[in-house]
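Novice: Here it is, the structure, as C-alpha cells.
The values are calculated or read from the model by the stated rules, or taken from the named source; none is laboratory data. Every value quoted in this text rests on a predicted model; they were computed, and no experiment measured them. Glycine gets a Cβ as well: all are built from the backbone with ideal geometry, and neighbour counts include every protein chain shown.
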Ligand SMILES: Cc1cc2nc3c(=O)[nH]c(=O)nc-3n(C[C@H](O)[C@H](O)[C@H](O)COP(=O)(O)OP(=O)(O)OC[C@H]3O[C@@H](n4cnc5c(N)ncnc54)[C@H](O)[C@@H]3O)c2cc1C
C-alpha cells in the first residue's frame with residue numbers, strides 16, 4: 001500500500017459505523033480513507049439479528065456487501081491496515097500506520113469499536129457468540145422456550161426479567177467471586193463450559209454439571225484502539241468516548257461513532273449494528289460540516 005496518503009477525512013474502522021460513514025461521505029463526493037485491521041466485535045457470530053432488512057444475515061456477508069457498495073464511490077479508499085498513532089498536527093491530523101505509512105487528514109471519524117473482556121473461565125472464549133452472548137435482542141429468540149442460563153449474579157435480576165418472556169426456564173450460574181447472598185442462588189461457581197453440539201454444558205466447582213441451551217453474560221467493554229487515549233479524548237464513566245448529539249468528541253475535528261462512543265446521558269453504548277450505522281452517518285455529516293466551517 002501507499003505509505004503517505006492525504007485525504008479530507010480519515011475513518012478508523014471498517015465495521016458498520018465506519019462503513020456507513022464512508023458511504024455517506026462518498027455520496028457527497030468528499031475524500032475519505034477507511035482503515036480496517038479486521039477485528040470486528042461480532043466476529044464469532046454466525047448470524048446477526050435485530051436489523052431490519054438483514055435479520056439473520058452473517059456479519060461477514062453484511063460487511064462484504066457494504067464494502068462492494070462503497071467501491072462504487074471513487075472518492076473513498078478502503079485500506080487494510082492498523083492505525084497505531086494519531087496526533088493533531090499540520091492543521092489537521094497525522095495518523096501513523098503499523099508497518100510504516102502515514103495518513104494526513106483534516107478530520108477523523110473514529111469507528112474503532114470495543115472488545116469484550118470476559119471473565120477467565122475455561123471454555124468461555126470458545127462459546128462466545130455461539131451459545132453465550134450478552135444481548136437479549138440479538139441472541140435470545142433463536143432459543144425461545146429453551147433452558148437459559150445467566151452467568152454471574154451482578155446483572156441477574158435485570159437479565160432474568162428481560163429474558164422471562166422468551167425463555168422456558170432461567171437458571172442463574174454464579175461466577176467465581178460473585179456475591180450470592182440474598183440472590184436466591186445456592187450453586188457453586190462455574191469452573192468450565194463446553195458446547196456439546198446439543199447444549200451448553202456448564203461445570204460447577206463441586207463437579208456437578210448443568211446443561212442449558214444458551215447463556216447470557218455481561219462483559220466489560222474496552223476500547224479496541226489506543227487512538228481515543230492518544231488523541232486525549234474525554235471518556236464517559238463506561239470507558240466509551242464522550243460525544244455530543246452530532247458525534248463530536250472533545251477534540252475539534254474528531255468524531256466518534258459506533259460501540260466505542262455514546263452521549264453522556266447513556267450508561268453504555270446502544271450497541272447494535274443499526275445504532276452503529278446511524279451514528280456513522282451522523283458522524284460523516286458532522287465531519288463534512290467541520291470541513292465546511
Ligand atoms: C456476541 C455478539 C453478538 C452480537 N450480535 C448482534 C446482533 O445480532 N445484532 C446487532 O445489531 N448487533 C450485534 N452485536 C453488536 C455489534 O457487533 C456491534 O454493535 C457492532 O459491530 C458495532 O459496530 P462498530 O462499527 O462500532 O464496531 P466493530 O464492528 O467492532 O468494528 C470496529 C472496526 O474498527 C477496526 N479497528 C479497531 N481499531 C483499529 C485500528 N487501530 N486501526 C484500524 N482499524 C481498527 C476493526 O478492525 C473493525 O473494522 C453483537 C455483538 C457481540 C459481541
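Novice: Within region 37-57, which residues are surrounded by 14 or more Cβ atoms within 10 Å (Cβ to Cβ) and more than 21 Å from residue 78 (Cα to Cα)? It would help to see each step written out before you state the result.
Specialist: Residues of region 37-57 surrounded by 14 or more Cβ atoms within 10 Å (Cβ to Cβ): 37, 39-42, 44-45, 47-51, 54, 57.
44, 45, 47, 48, 49, 50, 51, 54, 57, listed by residue number.
Novice: From the list 242, 224, exactly one residue is more than 25 Å from residue 30 (Cα to Cα), within 11 Å of the ligand (Cβ to nearest atom) and outside the structural domain of residue 145 (by TED's automatic domain parsing). Which is it?
Specialist: Details: 242 fails: within 11 Å of the ligand (Cβ to nearest atom).
So the residue among 242, 224 that is more than 25 Å from residue 30 (Cα to Cα), within 11 Å of the ligand (Cβ to nearest atom) and outside the structural domain of residue 145 (by TED's automatic domain parsing) is 224.
Novice: Can you tell me which residue is farthest from residue 63 (Cα to Cα) among those in region 273-282 that are within 12 Å of the ligand (Cβ to nearest atom) and buried (at least 20 other Cβ atoms within 10 Å of the Cβ)?
Specialist: If we take residues in region 273-282 being within 12 Å of the ligand (Cβ to nearest atom) and buried (at least 20 other Cβ atoms within 10 Å of the Cβ), then 279 is farthest from residue 63 (Cα to Cα).
Novice: Here is a further query. Which residue pairs have Cβ atoms under 6 Å apart, sit 6 or more places apart or on different chains, and have a first residue in region 100-116 that is assigned to a strand (DSSP E or B) and a second that is at pLDDT below 95 and surrounded by fewer than 18 Cβ atoms within 10 Å (Cβ to Cβ)?
Specialist: 102/4
Novice: Is there a residue being more than 12 Å from the ligand (Cβ to nearest atom) and in contact with a helix residue (DSSP H, G or I) (Cβ under 6 Å, 6 or more places away or on another chain) anywhere in region 112-127?
Specialist: No, every residue in region 112-127 fails to be more than 12 Å from the ligand (Cβ to nearest atom) and in contact with a helix residue (DSSP H, G or I) (Cβ under 6 Å, 6 or more places away or on another chain).
Novice: Out of the residues in region 245-271 that are under 14 Å from residue 221 (Cβ atoms) and within 8 Å of the ligand (Cβ to nearest atom), which is surrounded by the most Cβ atoms within 10 Å (Cβ to Cβ)?
Specialist: That would be 258.
Novice: Condition first: in a helix (DSSP H, G or I) and either buried (at least 19 other Cβ atoms within 10 Å of the Cβ) or within 14 Å of the ligand (Cβ to nearest atom) (or both). Now tell me which residues in region 1-36 satisfy that. Don't jump to the end; show me each part of the working.
Specialist: First pass over region 1-36, keeping only residues in a helix (DSSP H, G or I): 16-27.
If the condition is that a residue be in a helix (DSSP H, G or I) and either buried (at least 19 other Cβ atoms within 10 Å of the Cβ) or within 14 Å of the ligand (Cβ to nearest atom) (or both), then 16, 17, 18, 19, 20, 21, 22, 23, 24, 25, 26 are the ones that fit.
Novice: Starting from residues that are within 28 Å of residue 125 (Cβ to Cβ) and away from the ligand (no atom under 14 Å from the Cβ), keep the ones in region 227-237 and report whichever is surrounded by the fewest Cβ atoms within 10 Å (Cβ to Cβ).
Specialist: 237
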